[in-house]
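The values are calculated or read from the model by the stated rules, or taken from the named source; none is laboratory data. Note that the coordinates shown come from a computational prediction; the quantities given were computed from them, not determined experimentally. Don't worry about glycine lacking a Cβ; one is built from the backbone with ideal geometry, like all the others, and counts go over all protein chains shown.
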Amino acid sequence: MNQITAAEAIERITQAGSARDLFAGDYTQPAAARRARRTYRLLIALIHPDLATRNGIDPARAGEAAAKLNDLYLHWWAGTERQDTTRTPHVVGEYDRYLLGARIRRTSQISTYATGQQGLFVAISRTQVADTDRLIAASRALAARGLAAFGPEPVDHGLVSGRSWVAYRLPAGLYCLREVRTGYPEGLDGRDWAWMARRILMALNGADQPRAGLSLDAVLVHPGEHGIVLTGWGSQPARPMPAESRTDPDGDDLARLFDQMLDHRPDARRQRAWATAAAQTAIGGPRGWLAEYDLLLRRIYGERRYRPFAIPQTA
C-alpha cells in the first residue's frame, strides 16, 4: 500500500464494502498474511483515536474508522480461517475465545479492545493487580439493585500473562461523551446535561464501588432512551488522590466532566460550581451528591420535565 494520509485512510476504510476491499488474498499464503498485517498496522497507526489530533483528524471519525477497520480485519481472518482465532491476538475464557482487535481506550490500569463482534469488548488489566474485577463487581452490584442498564454485561473473564481480563457486552445505540461533545461544539444545554449527570450519580451510588473511571470515552449515552452506561470501572482517577485524602476518589473526574460537557450560560456555571464543591468533600458520597444535585436542579430549573435529546449528525 502506497503512503497515504490519515484523512485518506479514513476515506478508504469508510468506502470499503467488505474485508477484501482492504485485505486481499488467502490466509494460507504467507505473503498474503504478511500484506494484510502490514496494511492493518499502517492504517491503524494513521487513524488511531489516541493520535487523531496529532494526525489532523476528528477523534470521533477516527474512532468509527478504527472500529470498522478492526471488524474488517477480523472478518478477513475469520472468513478464511473458519473462525480459527489462534492466528490473531486473543484471550481464552471459560466460555469462549475472544479476538483482540483495535484498542478503543487505554488508562494507566486498563486497556479495552474491540473483538469484531457487535457490542462485545474485552478489558484487560495492564498490571498484575486485578483491576477488571471492579468492573465485574460494579456490574453485579448494579444488577442486584435493578440498575443493570447502568453498567456493562460481563459474559466471561480470566487471566492472560498474569493479568486479569473481562469480556462484556453493551447494547446498540450508545455514544461516548466525546462524540456527544463533538456534536455540540459550544457545550450542552444545562438541562440536557442534567439528566446525564443524574444518571451518572445514580450509577455511582448503585454500584457502591470507587474508581469508576469517569471520562469522555468511558461514559456512554443512549440519546433516545436517556440511558447512561459506565464502562471505566477499575481505572484510577485522572489525578491520583493522596492516601490520607478524605474526598471521594471519583470527585475530580466528575467535576471534570461537568467542565468539559456544559456550555457557558449562567445555569451551566452554577452546575460547574456545584461539581467543583462536591469534588472537595466526600460527605454522603454519591448518594449525598445526588440529593444535593437534585436540590440544585430544582432551584435552577423548577420541576423536572422530559427533554428529547439527539446528537447532531456532525457527531
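Worth pointing out:
- Restricting attention to region 262-304, the residues that are closer than 15 Å to residue 199 by Cα, in contact (Cβ under 8 Å) with a residue 12 or more places away in the chain and part of a loop (DSSP other than H, G, I, E, B) total 0.
- Residues of region 139-184 classified as surrounded by 22 or more Cβ atoms within 10 Å (Cβ to Cβ) and more than 25 Å from residue 50 (Cβ to Cβ), total: 3
- Test result for residue 119, under 30 Å from residue 185 (Cβ atoms) and modelled with pLDDT of 85 or more: yes
- Some residue of region 50-57 being among the hydroxyl-bearing types (Ser, Thr, Tyr), part of a helix (DSSP H, G or I), under 20 Å from the mean Cα position of the chain (by Cα) and modelled with pLDDT under 85: yes
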